[in-house]
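Each value in this text was obtained by applying a stated rule to the coordinates, not by laboratory testing. Remember, it's a predicted structure, so these values are computed and weren't measured experimentally. Glycine gets a Cβ as well: all are built from the backbone with ideal geometry, and neighbour counts include every protein chain shown.
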Amino acid sequence: PKGLRRYAETRLIGFPEVQELGRAYDREHPNAFEEEVAAGRAADLAVLCYTSGTTGNPKGAMLTHANLLAAVRNLVGIDPIAPGDEYVSFLPCAWIVEQVFGVALAVSEGMIVNFPEEPETVQQNIREIGPQMMLAAPRIWENLLSTVQVKMQDASRVKRTIY
């Protein structure tokens, strides 16, 4: 089984069902989306992320829509994103950078956000998806490098030469 299909939780429903709930709501409230968007302001709070508290008590970082869009503009100015580009989201959703990459950048630029099936399958899922963009903490990159280096020690001489 892939994805959430193997979970027995009754509150979990498939995306087609979520889409149908949205369509039903839209039929009953035809202008709701446009009204909510029109009521929003750039200075409105978009997300509240908490720091880890490593130097004291955790602190809430209040990000506005303008903050998120400024981050998106800066990122796209350096590394353009095309609609349909793939991204694998496996960092904690509470992290500010994951909110920018996995939410704001995806919504703004049409990037496809993928989630690993299990923590143990992240590397396999990354190979399957082939994302155009990756974001990870240094420790994750170190683990990937270590895995490659260990495999290369056991590889044939031809593979080591190519590497």
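Rounded to the nearest 0.05, what FRET efficiency is calculated for GLU17 and MET133 with R0 set to 30 Å and r the Cβ-Cβ distance? It would help to have the intermediate numbers written out before the result.
Numbers: r = 29 Å, r/R0 = 0.98.
FRET efficiency, GLU17 to MET133: 0.55.
Computed from the Cβ-Cβ distance with R0 of 45 Å, the FRET efficiency linking TYR7 to SER156 stands at 0.60. Considering only GLY14, TYR163, GLN132, the residue lying farthest towards the positive end of the dipole of the chain is TYR163, judged by Cα position with unit charges set on Cβ.
In what sequence do HIS65, HIS29 fall when counting other Cβ within 10 Å, fewest first?
Details: HIS65 16, HIS29 11.
Final ranking by Cβ density, sparse to dense: HIS29, HIS65.
Working from Cα positions, state the angle (0 to 90°, nearest 10) between the long axis of helix 15-28 and the longest principal axis of the chain. Here the helix axis deviates by roughly 10 degrees. Overall, the anisotropy analysis places region 3-118 in the rounded class: the square-rooted eigenvalues a ≥ b ≥ c of its C-alpha gyration tensor yield a/c less than 1.5.
Segment ILE112..ILE78, full-extension length gain: 10.3 nm, with 0.36 nm per residue of separation and the alpha-carbon distance subtracted. If the elastic network links every pair of Cα atoms under 10 Å, which of PRO138, PRO116, PRO92 fluctuates the most in the Gaussian network model of the chain? The residue that fluctuates most here is PRO138.
Based on Cα contacts under 8 Å between residues 6+ apart, the chain shows a relative contact order of 16 percent.
Here the Gaussian network model covers the chain, with springs between Cα atoms less than 10 Å apart; of LEU91, LEU63, LEU145, LEU145 fluctuates the most.
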